[in-house]
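The structure appears below as structure tokens.
The numbers here are math on the coordinates, done by the rules we state, and not lab data. Here the structure is a predicted model, which is why all the values come from computation and not from measurement. Ideal geometry is used to build each Cβ from the backbone, glycine not excepted, and the neighbour counts take in all protein chains shown.
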Amino acid sequence: MHAWINRDDALARLMVKPQTLYAYVSRGQIRMLPDPSDARRSLYNAEDVDGVATRKARGKRPAAIAASSMAWGEPSITTSVSNVHRGRIYYRGVDAVTLAQQASVEEAAELLWDVQSAPGFASGTVGWSNAFEALAAIAADSPPILGRGKNNLAREAATIVGQLAQVCGAAPGSRPLHERLATGWGCGGDIADRLRQAMVLMADHDLNASTFAARVAASTGASLPACILAGLCTLSGPRHGGAAEALGAMVADADRIGAPQAVRLWLSRDRTLPGFGHTLYPAGDPRAQSMLQGLSAPRELQVLADAVLDQTGALPNADFAMAVMVKALGLPSLAPFRLFLLGRTIGWCAHIMEQNSTGGLIRPRGRYVGVIPDERSPTD
């Protein structure tokens with residue numbers, strides 16, 4: 001569900017007169033529906049209202065527009081790979097949650113890479129101990145992506161995904177990726193389907209930080225593994241793919257001092273709450289809702305979720321859902337990051353291919369705010 005607010009709240013957020021609000025509605029910029037409790041009144045979509053308020057506050061100043069586009073602002077790079085629209089994530093126009101109900105990881109790759117038949121992710125035994133080491137070793141001998149066609153890059157991408165899967169513990173062979181991963185982790189067939197769903201849901205997510213890093217690398221013509229390595233380095237941060245580890249730290253604090261106190265402690269330190277809330281999903285992360293279906297959150301996580309909701313109103317996101325999967329399904333402790341990595345690598349490859357075929361060099365300008373040297377001569 002979307003969050004809906006009454007007229008007074010909408011006017012307060014927009015700081016406009018009623019007729020201006022109605023104009024936004026008539027132009028399709030803000031959705032409106034009748035108030036179920038009073039048919040004489042209307043409710044307005046909070047996400048739409050906040051979007052209009054943000055654009056209104058920014059105005060038309062070039063510097064403000066450029067600055068805002070770097071942090072949850074207006075779209076800045078043309079893409080047809082994925083987008084978040086009205087609280088849902090779509091892969092090339094297909095609802096990702098609907099796709100994840102049945103599609104294999106290989107089928108998700110076929111859709112995102114826009115190829116007729118995506119190569120399988122089979123691989124033999126590899127000798128690398130972690131994904132960073134694997135990608136660095138492969139990148140050393142890989143050719144630039146410039147001038148290479150999509151099908152050629154898709155074959156290389158499939159090989160790399162297969163190699164990363166081995167590093168993440170997947171059993172060797174040619175079976176579907178989620179089945180090999182479940183075998184390697186010692187999981188049953190029912191759990192394998194949960195792994196499949198999670199990887200499909202995490203495969204892509206608009207122009208997130210790691211995807212942007214991969215596209216920047218691609219814009220220089222770097223090799224495919226080098227571009228993926230750029231994405232991996234960005235993914236490893238605690239505000240991105242490393243959120244599961246940060247969530248674990250917050251759970252530990254909750255066990256030590258109580259969930260309400262732990263939430264207040266993290267907020268007092270001006271820290272984001274890992275595993276909760278998402279700027280693009282004010283009404284809740286649909287990926288989390290899908291992954292949590294049929295699962296009961298362990299008590300320590302549920303108590304924390306209740307405390308976060310009570311104090312901030314923030315709902316669980318995909319990072320929280322994968323933490324629940326680890327506890328409820330007995331997965332390895334590193335499962336959230338590995339599922340994130342394997343799924344998102346497919347999305348990175350889609351964006352790398354797109355950047356290679358349609359885009360030039362990504363080279364934004366810095367807005368200098370430091371000291372300006374005095375250019376006058378000493379005799380002036």
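Brief remarks follow.
- Each peptide in 207-220, 294-307, 95-108, 23-36 was scored by the mean count of other Cβ atoms within 10 Å over its residues; highest first, the order is 207-220, 95-108, 294-307, 23-36.
- Amide H to amide H, with H built 1.01 Å from N, Tyr91 comes under 5 Å of Ala96, counting only residues 5 or more places away or on other chains.
- Cβ charges +1 (Lys, Arg) and -1 (Asp, Glu), total dipole of segment 92-180, debye: 120
- Set of aspartates and glutamates with alpha-carbon distance to Lys56 below 16 Å, sequence-local pairs under 8 removed: Glu47, Asp48, Glu74
- Only Lys, Arg (+1) and Asp, Glu (-1) charged, at Cβ; the chain dipole about Cα centre in debye: 880
- About the Cα centre, charge dipole magnitude for segment 221-380 (Lys/Arg +1, Asp/Glu -1 at Cβ), debye: 220
- Among Ile352, Ile138, Ile160: highest mean-square fluctuation, GNM of the chain, C-alpha pairs under 10 Å: Ile138
- Here the simple spin-label model places points 7 Å from the Cα toward Cβ, and for Ser76 and Asp95 these points are separated by 3.1 nm.
- Centre-to-centre, using Cα atoms only, segment 78-154 and segment 278-317 are separated by 28 Å.
- Gyration tensor (alpha-carbon) shape descriptor, the chain, a/c threshold 1.5: oblate
- Comparing Pro119, Ala249, Cys187 along the charge dipole axis of segment 117-265, the residue lying farthest to the positive side is Pro119, per the Cβ-charge model.
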